[in-house]
Amino acid sequence: MTGALFKANFWNSDILSTAGYDCIIQHLNNGRKNCKEFEDFLKERASIEEKYGKDLLNLSRKKPCGQSEINTLKRALEVFKQQVDSVAQCHIQLAQTLREEARKMEEFREKQKLQRKKTELLMDAAHKQKSLQFKKTMDAKKIYEQKCRDKDEAEQAVHRSANVVNPKQQEKLFVKLATLKTAVEDSDKTYMMHISALDKIREGWQSEHIKACEMFEAQECERINFFRNALWLHMNQLSQQCVTSDVMYEEVRKSLEACSIEKDIAFFVNHRKTGQTPPAPIMYENFYCPQKNTASQGKAPGPNLARRGPLPVPKSLPDNPDYSLVEDYSLIYQ
């Protein structure tokens, strides 16, 4: 970059105009404002990252997540909680990094402000001096022009009085004309002196304007480059945060790959088993004729004890109608 764009394009034909300079200053002020906005953006993003990191940290450390799991899945969950904790710490660290970047942006803004201050003071002084000298020059020009008009009128009066017989009046007109000629010469010298002074001041201002344009353009190039690099770095930091988080999450995925359904089931069975013998079937038992050598209902087989002895066989009493015999089993009718 040549650095000659500003000094070639911010002039004005009006000697009192500062439009070109003011345009550059406004642009530089906007640049400083933009840097301040990005600085505030970084600070706000840092606060968000810090809050998110702390909230994630509290979630990881205080919120239960599968705490009763066992064996390989339990180990995977432990890795998961550890990596979430690490991700939270990374976000808190990112917040500190962003605040540091915001501080660098602030320092850069202040540095450029101080660099510009000296040039702006010189230019303000040059503008005032030029404006003041221009006013003096224009006042001297007005006086000079008025003296010229007065001299011309005096000359015309002398010509008109050429035929006047009164010599005293003619003498007065000649004296007045001579005085006015001297005044014209003096005002002319004064006017030319102010013109010369104004030209020197103009040349000095023009030289300062060129230097200011070169300095301001160099500053603007530096600001754009710094701002661009700061934004680029910010994107790299956010990308790195994603990469770091993914590396941590990959550890969780690896631990999940090591999780074995069969091992977890076997682990549970081996540590919590209650027995291998199921309950026996519930058998039918006749109230009057208990079966011998059968397992007790719902219990392991054991000695077959009769529930009660056989019923007594009543004596045959054919004359008694309350009894009836069916083979060797008696039924009592009520």
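The values are calculated or read from the model by the stated rules, or taken from the named source; none is laboratory data. All values derive from a computational prediction rather than experimental measurement. Backbone-built Cβ (ideal geometry, glycine too); neighbour counts: all protein chains shown. SASA here: full protein model, heavy atoms, side chains in, ligands and nucleic acids out. Shrake-Rupley method; radii C 1.70, N 1.55, O 1.52, S 1.80 Å.
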**Fill in**
Of every hundred units of 1.4 Å-probe accessible area on the chain, the number belonging to carbon and sulfur atoms, as a percent, is 57
**Prompt:** Going from the alpha-carbon gyration tensor of region 32-158, what semi-axes, largest first and in whole Å, does one get by taking the root of 5 times each eigenvalue?
**Reply:** 80, 11, 7
**Shape metrics for the chain, restricted to C-alpha atoms - Rg then Dmax, Å** = 56.7, 207
**Message:** Which one, L42, S13, I25, projects farthest toward the positive side of the charge dipole computed for region 1-62 from Cβ point charges (K/R +1, D/E -1)?
**Reply:** L42
**Fill in**
With the charge dipole of the chain built from beta-carbon charges (+1 for Lys and Arg, -1 for Asp and Glu) about the Cα centre, the Cα from Q169, N229, I70 projecting farthest to the positive end belongs to Q169
**Message:** On a straight-distance basis, which lysines could pair with K7 in a cross-link, Cα separation under 17 angstrom, same-chain partners fewer than 8 positions away excluded?
**Reply:** K211
**Message:** Nearest 10 degrees is fine. How inclined is helix 71-160 to the longest principal axis of the chain, computing both from alpha carbons?
**Reply:** 10
**Complete:** If every Lys and Arg gets +1 and every Asp and Glu gets -1 at its Cβ, then about the Cα centre the chain yields a dipole, in debye to the nearest 20, of 1140
**Item:** Burial ranking of peptide ranges 54-63, 81-90 (average Cβ count within 10 Å, highest at the top)
**Value:** 81-90, 54-63
**Fill in**
Largest fluctuation, N163, N236, N29 only, Gaussian network model of the chain with Cα springs under 10 angstrom, belongs to N163
**Request:** Can you tell me the 0 to 90 degree angle between the C-alpha axis of helix 167-257 and the longest principal axis of the chain, rounded to 10?
**Result:** 10
**the chain: most fluctuating residue of I92, I15, I210 per GNM, C-alpha cutoff 10 Å** = I15
**Message:** Just to confirm a number: summing +1 for Lys and Arg and -1 for Asp and Glu over residues other than C213 whose beta-carbon lies under 13 angstrom from that of C213, what do you get?
**Reply:** -3
